[in-house]
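Presented below is the structure to which this report refers.
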Amino acid sequence: MRHVNVTVRLLLLIGLLVSAAVPRASAQGACDRACLTGFLDGWFKGLVNNSASGVPVAKDVKITQNGQSTNLAGTFWDVAASVPYRWDIANPRLGDTAAEAVISNADGTMTMLAVRLKVKNGAITEIETIKANKGEADGLWGPEVLLQKGVSPALQLSIREAERDSYYRLIAVAEGYWRAFQTNGSPDYHPADLMPDTQRFENGLQTTGLVRNGAYVSAASGFDAGRFVGRNLWDRRYPVVDEERGIVLSMVRFGLKDGQKSQSTATANSRIVAEFFAVKRGLIQEVQAVLFNVPDSLPTQWPADYGPGCGGAAW
C-alpha cells in the first residue's frame, strides 16, 4: 500500500510539473495577445536572420506576398537588418494578429511592411505580407517620418472596455471609409466617419491632418472635393479586428471603375493595400497604409469579404 501511495504522489508531482510547463495558449485553449504577438516576434526574427527554420507554420500554411503565392522563405529578403519601427494588433478570440513595420536594410534602404498571421493550434496557418520599397507606390514614401515621430499613442492605447467600439462597429467604420471613396464626386456621396484632425500616412508619408501651403488638409477634404472619383475599391477584407486597441486592418485593391479615368497621377496606378484604421467612439482617428503597385489584371489569392469586383461601379 505504501508503494502505491508513493507512486500516486509521484504521478501527481509529475502532472503538476507538466502542467506548469504547458504554454499559456495550451492551458487556455486559445492564444492570448502576448502569445499572438510572440508569433510575430518569431516571424520578424526569421526576417532579420533570413532563416525560416524557427517559424512554426502548419503543414498546409497559406502564404502570399503582395497578393501572390509564395513560401515562407519567399516573405524574407537577404538585406533585412533590423526593425526600428513596429506596432502590433491582435484578436485573441479568432487567432488573428498583424503588424506594421519599417525595416532597415543593410544597404542603407528602408522597406515598408505589413504582415498578417493566422494562428491555430500552436501553428501559423496563414501569412500575408504587403511589402514596398521606394518607388513601388509612386511618390508615396516617407518611412523616415514614422521613425522620427515614433509609434502614435492612438495605435497603442488599451481602451477601457466600457468605451470600446464593437467588432462589427469597427468594421462598419472602415467600410464607411471605403464607401466614401467609392461614392465621392457622385450624387450618392456618403461621407466617412472621420475626426476633423484625422491623420493619414501612406508608406509613412503623412498626407492628411497637416498644414500644406498654408492651408490645413483634412482627411475629409479629398472626398468632399471628389478628387477620387472613378476609383474602385475591390477585394475588400477585414482579416484582423482588435477591439481592445480600436484598430481594424482592411486589405483592399485600388483600381478604376470600368470606363473611368484617374483624376490625377497620384491615383493613376492600381495597388494592393494594407490599411489600418484606428477608431475611437465610431470615428477614425488615424490611418496607416502600406501600398504596393500591382495591375488590376493580377488577382490576389484571398477571397473578398464584401464589395464590388474588379471594375465594379457599385460601392
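Can you tell me how many residues in segment 113-125 are open to solvent by 50 Å² or more (accessible area, probe 1.4 Å) and assigned to a strand (DSSP E or B)?
2
How many residues, within segment 209-230, are touching a helix residue (DSSP H, G or I) at 6+ places or on another chain (Cβ under 7 Å) and crowded, with 21+ Cβ neighbours inside 10 Å?
2
Between Glu202, Glu244, Glu275, which is within 14 Å of the chain's Cα centre (by Cα) and open to solvent by 10 Å² or more (accessible area, probe 1.4 Å)?
Glu202
Kindly check whether there is at least one residue in segment 237-255 that is at pLDDT below 95, over 23 Å from Pro191 (Cα atoms) and among the hydrophobic types (A, V, I, L, M, F, W, C).
no
Taking Gly282 and the conditions (1) out of contact with any strand residue (DSSP E or B) (no Cβ under 8 Å at 6 or more places or on another chain); (2) open to solvent by less than 40 Å² (accessible area, probe 1.4 Å); (3) under 13 Å from Arg231 (Cα atoms); (4) not aliphatic (A, V, I, L, M), which numbered condition does it fall short on, given that it satisfies the others?
Among (1) out of contact with any strand residue (DSSP E or B) (no Cβ under 8 Å at 6 or more places or on another chain); (2) open to solvent by less than 40 Å² (accessible area, probe 1.4 Å); (3) under 13 Å from Arg231 (Cα atoms); (4) not aliphatic (A, V, I, L, M), Gly282 violates only (3).
Return the residues of segment 181-208 that are at pLDDT 95 or above, under 11 Å from Phe223 (Cβ atoms) and not β-branched (Val, Ile, Thr); say none if nothing qualifies.
If the condition is that a residue be at pLDDT 95 or above, under 11 Å from Phe223 (Cβ atoms) and not β-branched (Val, Ile, Thr), then Tyr189, His190, Pro191, Ala192, Leu194 are the ones that fit.
The values are calculated or read from the model by the stated rules, or taken from the named source; none is laboratory data. Just so it is clear, the structure is predicted and the values come from calculations on it, not from any experiment. For neighbour counting, all protein chains shown are included, and Cβ atoms are generated from backbone atoms with ideal geometry for every residue, glycine included. Please note that ligands, DNA and RNA were not included when accessible areas were found on the heavy atoms of the full protein model with its side chains. Shrake-Rupley method; radii C 1.70, N 1.55, O 1.52, S 1.80 Å.
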